[in-house]
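Here it is, the structure, as structure tokens.
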Amino acid sequence: MEVNDSFDIDKIVIWILLIILPIFLFFASFLLGRYPVAPVDVVKTVLSPIFPSLTVSPAISSIVFNIRLPRIVAALAVGASLAIAGSAFQGIFRNPLVSPDLLGVSQGAGFGAALAILLSLGNAFIQLFAFIFGIISVFITYTISKAYRAGGILVLVLAGTAVSAFFSALISGTKFIADPYDKLPQITFWLMGSLSSITFEDLAMISIPLIIGLVVIIVLRWHLNILSMGDEEARSLGLNPDKIRVIVIAACTLVTSAAVSISGVIGWVGLVVPHICRMIVGPDHKILVPASLSFGASFLLLIDTLSRTVISIEIPLGILTAIIGVPIFLYLLRKGYSQW
């Protein structure tokens with residue numbers, strides 16, 4: 001009885017921490033930046049729309065509401081999306097080395113954004129092209145895999161590798177013909193990942209596909225445990241593994257495409273975060289998926305805060321996530337490989 005009580009207390013503590021962590025980082029991120037803001041000023045600024053009598057500096061109000069708030073919300077949304085998609089993909093493909101860009105969504109989105117930049121289209125079209133081409137790349141991958149009926153998951157993964165390489169070549173082609181003084185730096189910077197120019201309009205554009213995809217994954221997380229045991233086990237329990245897999249892949253594609261369309265290509269979040277959460281809460285996807293959502297949001301928000309505070313110039317997110325994510329992943333691989 002004491003063991004069970006201790007186990008329940010540990011689970012409660014873990015869930016409290018997973019709830020508190022993103023909330024704490026949300027408020028802490030307002031204080032940090034090139035222009036530090038005092039906690040009292042942040043509280044007064046946030047409450048000023050409710051209590052008009054509070055006097056707030058226009059400069060601080062602009063920093064909090066127009067610059068940091070949309071960026072903080074975007075970091076939370078993108079981190080949660082990439083982490084939850086990575087967790088779902090690792091379950092349905094039964095492979096701990098799987099990440100959300102397995103089927104080519106990041107490379108497709110990258111080509112869409114590069115093409116829009118090359119055509120001198122506005123920021124809204126860059127996001128739209130990235131989102132559409134991210135979905136197109138996964139659709140091509142799935143169509144190719146269905147041409148080989150006996151291939152199953154292996155052919156799907158190989159098709160994703162081929163499609164990723166194809167869109168990577170197209171990205172290289174757009175960079176080759178781009179103006180080296182104007183378009184090429186824009187394409188390169190976008191591909192490295194950044195939230196520096198995010199606005200509430202950008203968030204509004206991706207809100208619907210993001211919410212739909214997240215809800216579907218969370219609702220179907222109960223089935224991921226069965227899919228991770230294999231198709232035969234799933235069929236014996238009355239599930240249609242092919243149907244569930246298609247729905248989960250579609251949902252993961254929606255959230256990943258939406259996230260990449262506003263942030264650029266950010267690696268390692270969808271690979272490392274599910275491993276960390278798996279070591280904390282275990283492999284049960286009923287718990288692992290929401291834990292990945294919480295920790296993924298916190299992880300990317302912390303990375304984004306570091307990117308704009310460590311040095312005088314902003315570090316692209318893709319660089320920081322790789323520098324921090326690779327050592328963490330190698331450590332987790334050494335410590336937790338046998339537990340997978």
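The values are calculated or read from the model by the stated rules, or taken from the named source; none is laboratory data. Since the structure is predicted, the reported quantities are computational estimates derived from the model, not experimental observations. All Cβ positions, glycine included, derive from the backbone under ideal geometry; neighbour counts span all protein chains shown. Just so you know, the surface numbers come from the protein's heavy atoms only, side chains and all, with ligands and any DNA or RNA stripped out. Shrake-Rupley method; radii C 1.70, N 1.55, O 1.52, S 1.80 Å.
Quick check on this structure: which one of Thr305, Thr253, Thr309 is touching a Gly at 6+ places or on another chain (Cβ under 9 Å) and either without any contact (Cβ under 8 Å) to a residue 24 or more places away in the chain or open to solvent by 30 Å² or more (accessible area, probe 1.4 Å) (or both)?
Matching residue, one of Thr305, Thr253, Thr309: Thr309.
Another one. Could you tell me how many of the residues in region 191-211 are hydrophobic (A, V, I, L, M, F, W, C) and open to solvent by 40 Å² or more (accessible area, probe 1.4 Å)?
6
Right, next: Here is a list: Val289, Val326, Val269. Which entry is of a type outside the set (S, T, N, Q) and in contact with a Lys or Arg (Cβ under 7 Å, 6 or more places away or on another chain)?
On inspection, the qualifying residue turns out to be Val289.
Taking the criterion of being farther than 27 Å from Ala259 by Cβ, modelled with pLDDT under 90, touching a helix residue (DSSP H, G or I) at 6+ places or on another chain (Cβ under 6 Å) and not polar (S, T, N, Q), would at least one residue in region 45-55 satisfy it?
Within region 45-55, one or more residues are farther than 27 Å from Ala259 by Cβ, modelled with pLDDT under 90, touching a helix residue (DSSP H, G or I) at 6+ places or on another chain (Cβ under 6 Å) and not polar (S, T, N, Q).
Next question, about the same structure. Do you know which of the residues in region 56-76 that are more than 30 Å from Thr256 (Cβ to Cβ) and among the aliphatic types (A, V, I, L, M) is farthest from the chain's Cα centre (by Cα)?
Top of the filtered list is Val56.
If you go through region 276-288, how many residues are buried (at least 24 other Cβ atoms within 10 Å of the Cβ) and either part of a loop (DSSP other than H, G, I, E, B) or under 17 Å from the mean Cα position of the chain (by Cα) (or both)?
Qualifying residue count for the region: 2.
Cβ-Cβ distance below 6 Å, separation of 6 or more or different chains: which pairs start in region 15-39 with a residue that is within 16 Å of Arg71 (Cβ to Cβ) and of a type outside the set (S, T, N, Q) and end on one that is part of a loop (DSSP other than H, G, I, E, B) and open to solvent by less than 80 Å² (accessible area, probe 1.4 Å)?
From region 15-39, the pairs are Leu31/Val37; Leu32/Thr309; Gly33/Arg308.
Considering (1) closer than 22 Å to Phe139 by Cα; (2) in contact (Cβ under 8 Å) with a residue 12 or more places away in the chain; (3) open to solvent by 50 Å² or more (accessible area, probe 1.4 Å); (4) not basic (Lys, Arg), say which one Ser172 fails and leave the rest.
With (1) closer than 22 Å to Phe139 by Cα; (2) in contact (Cβ under 8 Å) with a residue 12 or more places away in the chain; (3) open to solvent by 50 Å² or more (accessible area, probe 1.4 Å); (4) not basic (Lys, Arg) applied to Ser172, the lone miss is (2).
Conditions first: (1) open to solvent by 50 Å² or more (accessible area, probe 1.4 Å); (2) closer than 25 Å to Trp268 by Cα. Tyr35 passes all but one, so which condition is the exception?
If we test Tyr35 against (1) open to solvent by 50 Å² or more (accessible area, probe 1.4 Å); (2) closer than 25 Å to Trp268 by Cα, just (2) comes out false.
Please determine whether any residue of region 217-225 is modelled with pLDDT of 95 or more, within 20 Å of Asp101 (Cα to Cα) and open to solvent by less than 50 Å² (accessible area, probe 1.4 Å).
Yes, some residue in region 217-225 is modelled with pLDDT of 95 or more, within 20 Å of Asp101 (Cα to Cα) and open to solvent by less than 50 Å² (accessible area, probe 1.4 Å).
Right, here's the next one. Is there any pair linking a residue in region 319-340 that is modelled with pLDDT of 75 or more to one that is not hydrophobic (A, V, I, L, M, F, W, C), with Cβ under 7 Å and at least six apart or on different chains, and which?
Filtered contacts from region 319-340: Leu320/Ser307; Thr321/Gly267; Ala322/Gly267; Phe329/His275; Leu332/His275.
Going by what's in this entry, would Thr141 be described as among the hydroxyl-bearing types (Ser, Thr, Tyr) and either modelled with pLDDT of 95 or more or farther than 30 Å from Arg68 by Cβ (or both)?
Yes.
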